[in-house]
Amino acid sequence: MLNKYPLWKNLLIVFIVIVGFFYAAPNLYAPDPAVQISGESSAVVIDDKLLSLVSKALDSAGIAYFGEEVAAKGTSALVRLKDREQQLPAQAVIQRALGDDYIVALNLAQTTPQWLANWGAQPMKYGLDLSGGVHFLLEVDTAAAIAKRQEFYTKTIKTKLREGKIRGRVRLQKDGSIVGQFKTEQNRDSASALIRSEFSELLRHESADDDAFYLTMSFSPAKVKEIEDYAVGQNLTTLRNRVNELGVSEPLVQRQGRNRIVVELPGIQDTAEAKRILGKTANLEFRLEAKSSAPASSKEAFLYRNQNRGSDKAELERDIVISGDRVAGASSGFDPQSGQSQVNITLDSEGGTMMHRVTRNNIKRRLGVLFIERKSRTRYVIDESGEEVAVKTRYDEKKIISLATIQDALGVKFRITGLDNPAEAAELALLLRAGALAAPIDFVEERTVGPSLGAENIALGLFSVQVGLALVAVFMLVYYRVFGVVAVIGLGINLVLLIALMSILSATLTLPGIAGIVLTVGMAVDANVLIFERIREELKNRMSPQQAINAGYERAFVTIMDANLTTLLVAVILYAVGAGPVRGFAVTLSLGIITSMLTSIVGTRSLVNLIYGGRKITKLSI
């Protein structure tokens with residue numbers, strides 16, 4: 001019998017539609033404005049006592065809040081606010097109450113019912129141009145990168161002069177210049193010739209006085225710019241890797257000006273985690289413990305967490321064996337003997353060679369792992385207008401996280417211990433795996449963003465979908481009658497399935513994505529128009545209604561498939577070569593093509609079969 005699906009196929013279609021409605025449903029629940037509190041380090045525990053302190057601070061400031069809760073593992077807390085305009089004031093109040101050991105970030109707390117969340121149903125993520133995300137403006141401390149390179153050159157020049165048996169004293173000045181002091185003019189000229197051949201990028205200036213002969217070396221402007229560009233470029237790559245570790249959809253990480261980087265993370269929920277991961281310098285330096293007989297100028301003292309006696313001071317050599325930029329891979333785990341957290345590190349080939357060369361000659365000496373992190377202190381002062389303002393001071397905190405005796409020569413793979421807990425080990429491994437920053441970065445600006453194109457543009461974007469859908473529905477109902485009703489129902493189900501699919505895949509909806517939805521509406525209707533016009537042609541050719549329906553769907557299938565596959569191919573190319581908003585459009589269009597083919601060909605055919613199939617009819621309402 002013509003135009004009748006078997007029961008299993010109808011049940012399968014109904015099941016797909018029900019699943020679509022289920023996973024699209026969370027988008028009906030608008031999120032609450034909130035602030036999220038977490039520790040500057042993963043080792044910091046958030047508890048009810050801290051949450052009580054936060055509540056008192058908000059009560060004193062007259063900020064309305066509700067639904068405060070601590071995360072299951074005590075890593076963060078969330079406080080929901082009744083008014084989105086109170087987010088920034090609440091952030092400032094809480095930050096002052098808790099101090100610099102905590103990160104207070106703006107957030108949007110989901111309101112999806114638990115019974116939906118238990119099945120993995122979550123709302124779509126929205127881009128910065130729709131419902132925000134987080135925006136960071138970061139400044140790269142290029143001066144620190146230049147200073148680090150100056151120290152490297154100073155050390156290398158000393159080595160070269162020693163190898164060339166040129167006697168003299170080389171030291172780094174506060175202004176960044178490297179000065180060599182020699183007793184004879186011949187030694188000074190020999191050193192100048194060596195520097196010219198080995199370090200042609202350095203500018204040289206010769207001088208003398210009654211006591212000595214001097215060679216002053218400094219970076220050329222071109223070299224300074226090269227170092228700055230390298231630092232910013234390396235940090236760009238590292239930040240992109242860290243964003244990828246966070247799993248953010250369609251992020252924007254790009255350079256702005258000479259030493260600034262813009263990071264936009266649309267749809268991200270855990271902004272505190274994002275800030276902590278992006279902002280940490282998280283560099284490592286491996287240094288040998290200084291010998292007690294060594295001069296004070298060749299060693300530095302750092303705080304060391306002794307597992308047995310608390311905090312001790314330990315002295316390390318100033319010379320660095322290797323730094324974190326030699327780390328090729330890192331993973332967290334546990335010491336099988338002690339059960340303590342550890343990080344397993346894999347070095348690149350050059351780093352492994354350097355580590356092996358140093359450790360094989362220093363068996364039974366202790367090797368320290370120095371962890372360097374950029375932090376800030378906040379103090380409150382009264383400005384000229386009499387208002388209290390917060391002033392942040394940046395500083396580098398250096399601490400020894402491991403100090404172990406070298407038992408054998410180390411190579412490409414080894415481990416570091418001395419970490420507080422598995423969370424700290426996992427975070428350190430993530431940061432090292434993503435790459436070390438070439439220079440510290442500071443947060444110049446941080447905000448969660450609402451619609452960057454304005455509420456009016458957002459309303460117009462949604463209005464365009466509604467108007468497009470309404471006009472198409474009116475046309476289809478007037479022109480195709482009962483078949484038009486079928487097409488409109490199929491179109492509505494198509495949009496539901498599209499939203500459900502985007503929610504399941506955690507795709508980010510942007511304003512260009514809305515344009516993709518509008519185009520999807522047009523393409524879905526276009527498929528139905530092809531089918532319905534084919535049915536009308538077959539009726540004009542005196543074919544029976546049942547045969548006309550079957551022929552319409554069968555003969556229009558090839559044309560519809562060809563058109564949709566061509567468009568899908570273009571969407572894939574757009575996604576491959578595009579970025580940002582272009583990718584948002586391509587993702588929405590691709591998913592829309594898939595759902596429209598399902599609803600236009602299979603879904604509407606099922607409805608037509610239910611209306612007309614399996615019985616004798618003489619006329620179609622088309």
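Working only within segment 34-55, note down all residues that are of a type in the set (D, E, K, R) and free of Cβ contacts under 8 Å to residues at least 12 places away in the same chain. Passing the criteria: only Lys49.
Considering only residues that are buried (at least 21 other Cβ atoms within 10 Å of the Cβ), under 13 Å from the mean Cα position of the chain (by Cα) and modelled with pLDDT of 75 or more, which ones fall in segment 260-289? Correct list: Val263, Glu264, Leu265. Considered as a group, the residues in segment 504-531 that are in contact with a strand residue (DSSP E or B) (Cβ under 9 Å, 6 or more places away or on another chain) and outside any helix (DSSP H, G or I) include one that is farthest from Ala459 (Cα to Cα), and that residue is Ser506. Taken across segment 158-170, residues that are closer than 20 Å to Lys223 by Cα and in contact (Cβ under 8 Å) with a residue 24 or more places away in the chain do not occur at all. Against the condition touching a Phe, Trp or Tyr at 6+ places or on another chain (Cβ under 8 Å) and not acidic (Asp, Glu), how does Ile320 come out, does it pass? The answer is yes for Ile320.
Take the residues in segment 430-450 that are aliphatic (A, V, I, L, M) and at pLDDT 75 or above; name whichever of them is farthest from Gln95 (Cα to Cα).
Among them, the one singled out is Ala439.
Test Leu130 against the stated conditions and say whether it is over 30 Å from Gly233 (Cβ atoms), among the aliphatic types (A, V, I, L, M) and over 20 Å from the mean Cα position of the chain (by Cα). Criteria not met by Leu130. Can you say whether Leu501 is part of a helix (DSSP H, G or I), touching a residue at least 40 places away in the same chain (Cβ under 8 Å) and assigned by TED's automatic domain parsing to the domain that holds Val474, as far as the supplied structure shows? Yes, satisfied.
The residue pairs whose first member lies in segment 546-574 and is assigned by TED's automatic domain parsing to the domain that holds Gly584, whose second member is of a type in the set (Phe, Trp, Tyr) and part of a helix (DSSP H, G or I), and whose beta carbons are closer than 9 Å, counting only pairs six or more residues apart or on different chains, are Gln546/Tyr612; Ile549/Tyr612; Gly552/Phe532; Ala556/Phe532; Ala571/Phe585; Leu574/Phe585. The residues of segment 522-532 that are modelled with pLDDT under 85 and either over 13 Å from Thr595 (Cβ atoms) or within 32 Å of the chain's Cα centre (by Cα) (or both) amount to a single one, Gly522.
With the requirement that a residue be closer than 26 Å to Ala90 by Cβ and touching a Leu at 6+ places or on another chain (Cβ under 7 Å), what does segment 1-31 give you?
Initially, segment 1-31 is screened for residues closer than 26 Å to Ala90 by Cβ, giving 26, 29-31.
Correct list: Pro26, Pro31.
In this structure, Ala328 does satisfy being outside the structural domain of Val93 (by TED's automatic domain parsing), at pLDDT below 80 and not in a loop (DSSP other than H, G, I, E, B). Residues that are modelled with pLDDT of 80 or more and either over 22 Å from Glu315 (Cα atoms) or not hydroxyl-bearing (Ser, Thr, Tyr) (or both) within segment 404-414 comprise Ile406, Gln407, Asp408, Ala409, Leu410, Gly411, Val412, Lys413, listed in sequence order.
Is it the case, given these coordinates, that Gly339 is assigned by TED's automatic domain parsing to the domain that holds Gln407, exposed (fewer than 10 other Cβ atoms within 10 Å of the Cβ), within 25 Å of Ala425 (Cβ to Cβ) and within 35 Å of the chain's Cα centre (by Cα)? For Gly339, the condition - assigned by TED's automatic domain parsing to the domain that holds Gln407, exposed (fewer than 10 other Cβ atoms within 10 Å of the Cβ), within 25 Å of Ala425 (Cβ to Cβ) and within 35 Å of the chain's Cα centre (by Cα) - is met.
Residue count for segment 95-139 under the criterion of being modelled with pLDDT of 85 or more, among the β-branched types (Val, Ile, Thr) and out of contact with any Asp or Glu (no Cβ under 8 Å at 6 or more places or on another chain): the result is 1. Exactly one residue out of Ala72, Ala77, Ala90 is modelled with pLDDT of 85 or more and outside any strand (DSSP E or B), and it is Ala90.
The values are calculated or read from the model by the stated rules, or taken from the named source; none is laboratory data. It should be emphasised that the depicted structure is a prediction, and the values quoted were computed from it without experimental measurement. Note: ideal-geometry Cβ built from the backbone for every residue, glycine included; neighbour counts use all protein chains shown.
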